[in-house]
Amino acid sequence: MLAIRTQFSNHFNYNAALVVKSPGRINLIGEHIDYNHGFVLPAAIDKYIEVAIGKRTDDAIHMVAVDLGETIIVPMHNLQPHATAWVNYIIGVVDQVLNITHATTNNFIVTNNNTPSTKINAPTNETNLAAGFDICIQGNIPLGAGLSSSAALECAVLFALNELYNLSLTKMQMALMAQSAEHKFAGVHCGIMDMFASLHGQKNKAILLDCDSLAFTYYPLVLNDYCIVLFDTQIKHVLASSEYNTRRLECERGLAIIQEKYPIVKTFRDISLEQVEACLASNDINGSKVYQRCKYVVEEMQRVQLAVQDLTKGDMQAFGKKMFETHKGLSKLYEVSCPELDFLVEAVSNNENVLGARMMGGGFGGCTINIIKKSAVEEITKELTASYAQKMHKELAVYITSIEEGTHLVAE
Ligand code: GLA
């Protein structure tokens, strides 16, 4: 694979103005919790989307997806969701930037379902995104594996535009804009976690993000003899976007029912398990799953708080146990797992060299995240690859993962 700068100059016959690298993410615990106003514990990983970008003088955006061998050109005015999925992650954030640069007031407001509005200063005229740009993309984040390749692409493009046009956006503003772009152009009503983690990652640190206030704290991830291994089912999460949006709605419905009885409740953070039982246990009629979903959310929120205490004490055994509990909740109550994910978690659940394992991300495929003793990784991988092929008739992909810096410029 040629370097992204070379790809760019080969395609466009001039040198890219800059190159940005944006990582995928893992999430240690706190799954399906970001859009429910809880805490999540993600980190950026050593898998990336890279973009090389240069300004054009006309009104077009020329996009080259190197790995897919596809080139798409769209005019910059009147951007609409595109039939080619990857294009939406680029034009979605361009649309966000244009909303700012076209704002007549100096206080364009980015709204986010999770948070109070965030004010973004409109850039001055000279920074206006008046003309189009050329962009080349390549990467090694497996697509549809639950490692947030789409968020990495959105963040890479936004970071690159921010540099190229001096937009003065903060990383948090970019995260919110990328989230809005995903809602509007990809139709997935995702939370803030993926974009946040891709942009804010730090080497060897997990980030505890309060998805209500957007305050965050870095926690050193000291794994000593252990490491993080991702087992990829290689099942692409096709159901993910529709079921994801359904889960979100089910949670909103449950919250509204609880609020009727307890008007003081603002978010799931104010809800106890007793309240879930009292308001929702008898409510699951006509196949509705609202009770199960809300029970999971409240339990997972409590688990994250305890898991952070484990992390602070360096008790990774206790932390790992909670990962297994999370998996159970995601599989049985939230119902976002699949047989392949369940198989991979089950297969390591009694292995003394595995501290914790669970499905990760939106679900319905993708990866499990595992904390495994380094000396046992090779053997476990071998066994699991064989049993996965035998039982599921699929090839297992394995990523031994390190925790890395978030989105950044790449020096020439
Ligand atoms: C996807 C979404 C995130 C988050 C996770 C589940 O990755 O993009 O916002 O909700 O699923 O935790």
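The values are calculated or read from the model by the stated rules, or taken from the named source; none is laboratory data. Please read all numbers here as calculations on a predicted model, not as lab measurements. All Cβ positions, even for glycine, are placed from backbone atoms using ideal geometry, and neighbour counts span all protein chains on display. The area values use the complete protein model at the heavy-atom level, side chains included, leaving out ligands, DNA and RNA. Shrake-Rupley method; radii C 1.70, N 1.55, O 1.52, S 1.80 Å.
With each run of n ≥ 4 DSSP H residues scored as -39500 (n - 2.57), what mean residue ellipticity at 222 nm is computed for the chain after dividing by its residue count and rounding to the nearest 500 deg cm²/dmol?
On the way: 11 runs with 154 residues, N = 412.
That calculation yields -12000 deg cm²/dmol at 222 nm.
Tell me whether segment 237-370 comes out rounded, prolate or oblate; compute the Cα gyration tensor, take square roots of the eigenvalues as a ≥ b ≥ c, and use a/c under 1.5 as the rounded threshold.
oblate
Residue 398 accessible area, nearest 10 Å², 1.4 Å probe?
50
With all protein chains present and a 1.4 Å probe, how do 408, 189 order by accessible area, largest first?
189, 408
Keeping all protein chains in the complex and leaving out DNA, RNA and ligands, what accessible area do you get for residue 177 with a 1.4 Å probe, in Å² to the nearest 10?
0
Please give the net charge around residue 376, taking every other residue with its beta carbon less than 14 angstrom from that of residue 376, where Lys and Arg add +1 and Asp and Glu add -1.
Value of the local net charge: -2.
Please label the shape of the chain as rounded, prolate or oblate, based on the square roots a ≥ b ≥ c of the eigenvalues of the alpha-carbon gyration tensor (a/c under 1.5 means rounded; beyond that, a/b larger than b/c means prolate, else oblate). Could you put the intermediate results ahead of the total?
Values: a/c = 1.86, a/b = 1.31, b/c = 1.42.
Oblate is the answer for the chain, as a/c is 1.5 or above yet b/c matches or exceeds a/b.
Provide 327, 37, 237 ordered by accessible surface of protein heavy atoms (probe 1.4 Å), highest first.
Putting 327, 37, 237 in descending order of accessible area: 237, 37, 327.
Just by accessible area at a 1.4 angstrom probe, what is the order of 328, 171 from largest to smallest?
Working: 328 140, 171 75 Å².
The ordering from most to least exposed comes out as 328, 171.
Sequence neighbours fewer than 8 away in the same chain don't count; with that in mind, list the aspartates and glutamates whose C-alpha is under 16 Å from residue 55.
Here the aspartates and glutamates satisfying the reach criterion relative to residue 55 are 126, 134, 163.
Summing +1 for each Lys or Arg and -1 for each Asp or Glu, what net charge is found among the other residues whose Cβ lies under 12 Å from the Cβ of residue 147?
With Lys, Arg at +1 and Asp, Glu at -1, the net is -1.
Starting from the Cα of residue 73, step 7 Å along the direction of its Cβ; do the same at residue 382; then give the gap between the two resulting points in nm.
5.4
Could you check the spin-label model distance between residue 57 and residue 252? Points 7 Å from the Cα along Cα→Cβ, value in nm.
About 4.7 nm separates the two model spin labels.
Less than 15 Å Cβ to Cβ from residue 385, Lys/Arg counted +1 and Asp/Glu -1: what total charge do the surrounding residues give?
-3
Measure nothing fancy, just the Cα-based angle from helix 149-164's long axis to the longest principal axis of the chain, in degrees from 0 to 90, nearest 10.
Tilt relative to the chain: about 30 degrees.
Pairs to check: 21/236; 203/374; 289/313; 205/328. Give those whose C-alpha atoms are more than 31 Å from each other in this structure.
289/313
Would you tell me the accessible area of residue 218, worked out with a 1.4 angstrom probe on the heavy atoms of the protein chains, in Å² to the nearest 10?
70
To the nearest 20 debye, what charge dipole does the chain have about its Cα centre, counting +1 at the Cβ of each Lys and Arg and -1 at the Cβ of each Asp and Glu? Show your work: numbers first, answer last.
Details: 33 positive and 44 negative charges, 67 e Å.
Approximately 320 debye in magnitude.
How large a share of the accessible area of the chain, in percent, is made up of carbon and sulfur atoms when the probe is 1.4 Å and the other protein chains stay in place?
So the carbon and sulfur contribution to the accessible surface is 51 percent.
Give me the number: length gained by fully extending residue 274 to residue 1, i.e. 0.36 nm times residue separation minus the C-alpha to C-alpha distance, one decimal in nm. Before the final figure, lay out the partial values.
Values: separation 273, 0.36 × 273 = 98.28 nm, distance 5.59 nm.
Stretched fully, the residue 274-residue 1 segment lengthens by 92.7 nm.
Can you pull the one-decimal nm distance between simple spin-label points at residue 166 and residue 84, each 7 Å off the Cα toward Cβ?
Here the answer is 3.3 nm between the modelled labels.
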